[in-house]
Structures are given as C-alpha cells and as structure tokens.
1. May I ask you to compute the full-extension gain from B:Arg61 to B:Glu82, defined as 0.36 nm times their residue separation minus their alpha-carbon distance, rounded to one decimal in nm?
2. Shortest first, in nm, what separates the label point of B:Gln114 from those of the same position in the other copies (7 Å along Cα→Cβ)?
3. Measuring from a point 7 Å out along Cα→Cβ, what nm distances, shortest first, does B:Thr3 have to its partners in the other copies?
4. Past 19 Å, Cα to Cα: identify those pairs from A:Lys68/B:Lys58; A:Lys58/B:Lys68; A:Lys139/B:Lys68, in the order given.
5. Which is farthest toward the positive dipole end of chain B among B:Asn79, B:Gln23, B:Ala92, measuring Cα position about the Cα centre, with Cβ charges +1 (Lys, Arg) and -1 (Asp, Glu)?
6. Looking at A:Gly138, A:Thr118, A:Ile106, which one has the Cα that reaches farthest to the positive end of the dipole of chain A (charges on Cβ: Lys, Arg +1; Asp, Glu -1)?
7. According to a simple spin-label model (label point 7 Å from Cα along Cα-to-Cβ), what is the distance in nm between A:Glu5 and A:Ala123?
8. What share of all Cα pairs of the range B:88-128, in percent, falls into each consecutive 5 Å distance bin?
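Read-outs throughout are calculated quantities, based only on the coordinates presented, and are distinct from any laboratory measurement. Just so it is clear, the model here is predicted, and its values are computed rather than measured. Every residue, glycine among them, receives a Cβ derived from its backbone with ideal geometry; neighbour counts consider all protein chains shown.
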2 protein chains.
Amino acid sequence: MLTAEQRTFANAQRVGRFATADQDGQPYVIPVCYACGPEAFYIPLDTKPKRVEPQRLKRVRNIQANPKVALVIDHYAENWSELAYLLIRGVAALLPPGDPEHQHAIALLRERYQQYQTMPIEAQPVIVIRPEAVVAWGKL
Amino acid sequence: MLTAEQRTFANAQRVGRFATADQDGQPYVIPVCYACGPEAFYIPLDTKPKRVEPQRLKRVRNIQANPKVALVIDHYAENWSELAYLLIRGVAALLPPGDPEHQHAIALLRERYQQYQTMPIEAQPVIVIRPEAVVAWGKL
C-alpha cells in the first residue's frame, strides 16, 4: 500500500483531512485523527465533543451514499522547499463494533493518540479507507 | 460571508485543504495556500515546484467538470479542547489573468505570503471559491 518512507511520514503527522462527496458530487472535507494499518487507514467516529449522533454525521451519510473518498496527510512549513503531502484515494466503509478489524483499529488509534484511551470510541463504528491510489508529493 | 471572528481565524492559519470531486464523485483533496477576500477565497495555481501545466492539474480539471468544492481551514493541537475548523462549501471558478478580480486576488496573496512576491503567479488563473455555506466548529 505505502512505501516505508510514506508510512513513516504518515505516522509522523498527527492530523489528516478527509474528503467525501455526496450523491450530487458536493465535496465535504474535515480534519481527522487517523491510524495507519498495513492495508488501510482508520478514522474513529468521535466528534470532539459530540454534538450529533455518529450515524448522522455528514461524513457517514456521504460514505453510505458514495464510498469514494480521499485523505490528505501533509506537512506545511514557511520554507516551501519542505512542503510535502501524501494523497490517498480509495473506498471507505464502516467497521461495526465487534468486528476483529474494528478492534485492531481501536488499538492502533489508542496507541497513537493517548487522548482516545479514555474516550469510548470502541462503541462506535470506525471508518476504514482501503487505498486504491497513493500520490506522494514533495519532501516526505 | 464570514463573521469577523471567522475571518480572523481564517487569516491566522497559513494552509487550508481544498476538496474537489470529479464527474464520477471521486473526491480529491490537497493542501493549498489561500487568501480571504470580502466575498470569496482565492487559491493560486502554483505547484511548488511546477511539474505539470497548471491547466492540467487535477484540481483544475475537477472544477471544470464539477464546480462544487469545499475548503477546510483548521487548527490542530494535542489539547483537543483547542481544536477548531471552518468548513466552506461553495462553487469554484477560474479567474483569468487580466480580470480585475484576478489582480485583486494576486495582491491579497502576495500580501499574505511573501513567498509569492517572487513567483509569477499573476501569469496563471486563480481559483475563486464563492461560499454558499460556512460551518464553524470548536474554539475559533
């Protein structure tokens, strides 16, 4: 999926931006926390703080209407020779609680973000992105 | 378009993430530099460094196929009570060089990014986003 260099870069960043589109082709993009597994990226359904039910989140409704998604993980610096990004395009789905891959995703997320260790993210589905195309740009 | 607080937040960040989608609903998202005018956001067509002709950029081809876009401007911190984002959804177009709004956009971009003062961004179209919906989340 990713080269070793791309994986190191992805793991070194703390926030990505996740783009979905609804059935009318209207894009939607939000910052997300993520973990990077061997073959997939995982994004929990927390809303920091929660204001709506996770199943009602626009990102979830978009995935259900159109599973094509994109995730960008980038590094910004005022010295533009240091700019870099990884763009992952693929298909997203929701992993339900109890699914073994859901349990694996929760473990990866809690290892990466200590903030999740006390948040009940295991009770909600996890978004899984299965990459179909990866573009790396700049100085990873 | 934006409240004073939202405008201050937008101007305080240095990079946004710009989402487009092609005619098949496949999202695409990349980091972008932007300037915020009274009624629009402006994104220059530089590619830092240029590898393809600006008119061939995926972001440009997507806008031509589907002008619906989204731009997220956010702040990340490990203290998640400080997280914030502005999500702008709207319609994008290309301003050609010579258009008065293009000149205005170039001036705003060069004021905001000294890096652009020596880059010939005025020779390329500028992406303009005309917002139709703005969502503010978190501690702007």
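1. Values: separation 21, 0.36 × 21 = 7.56 nm, distance 3.60 nm.
Using 0.36 nm per residue and subtracting the Cα-Cα distance, I get 4.0 nm.
2. Shortest to longest, the spacings are 3.7 nm.
3. Shortest to longest, the spacings are 4.6 nm.
4. Numbers: A:Lys68/B:Lys58 16 Å; A:Lys58/B:Lys68 16 Å; A:Lys139/B:Lys68 30 Å.
With Cα atoms farther than 19 Å apart: A:Lys139/B:Lys68.
5. Final value for the positive-end residue is B:Gln23.
6. A:Thr118
7. 4.5 nm
8. Computed distribution, short to long bins: 5, 25, 29, 22, 14, 4, 0.
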